[in-house]
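S.K.: Please read through the structure below; I'll follow up with questions.
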Amino acid sequence: MQNLLFKVSGLVDEASVRTLANAIQDLPNIGHIEISRETGETSVEHGRFISPDDILQAIVDAGFAAECS
């Protein structure tokens, strides 16, 4: 599995963190996800059948601004 780090903005409370986690977990081949509400850093472990762009799009579709670091 590979690991990507995203910088996500708009994580205002625990509900927004859950929304983000659910959006990412709905994608195929997702392993461990770690989200810091304070910094916006979101670490995503994923398999080779999903691209960073797919993950980024899921984050944006959930209503958050993000960039891959």
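S.K.: Output the qualifying pairs, or none if there are none: Cβ atoms under 8 angstrom, residues six or more apart or on different chains, first residue in region 1-15 and over 16 Å from Asp54 (Cα atoms) and open to solvent by less than 50 Å² (accessible area, probe 1.4 Å), second residue small (Gly, Ala, Ser) and assigned to a strand (DSSP E or B).
M.R.: Gly10/Ala65
S.K.: If you check Ile59 against the conditions, is it in contact with a strand residue (DSSP E or B) (Cβ under 6 Å, 6 or more places away or on another chain) and without any contact (Cβ under 8 Å) to a residue 40 or more places away in the chain?
M.R.: It is false that Ile59 is in contact with a strand residue (DSSP E or B) (Cβ under 6 Å, 6 or more places away or on another chain) and without any contact (Cβ under 8 Å) to a residue 40 or more places away in the chain.
S.K.: Determine, yes or no, whether Thr19 is among the β-branched types (Val, Ile, Thr) and within 11 Å of the chain's Cα centre (by Cα).
M.R.: So Thr19 passes the test.
The values are calculated or read from the model by the stated rules, or taken from the named source; none is laboratory data. Being a predicted model, the structure only gives us computed values, none of them experimental. In this analysis, Cβ positions are derived from the backbone assuming ideal geometry, glycine residues included, and neighbour counts consider all displayed protein chains. With ligands, DNA and RNA removed, areas are computed over all heavy atoms of the protein, side chains included. Shrake-Rupley method; radii C 1.70, N 1.55, O 1.52, S 1.80 Å.
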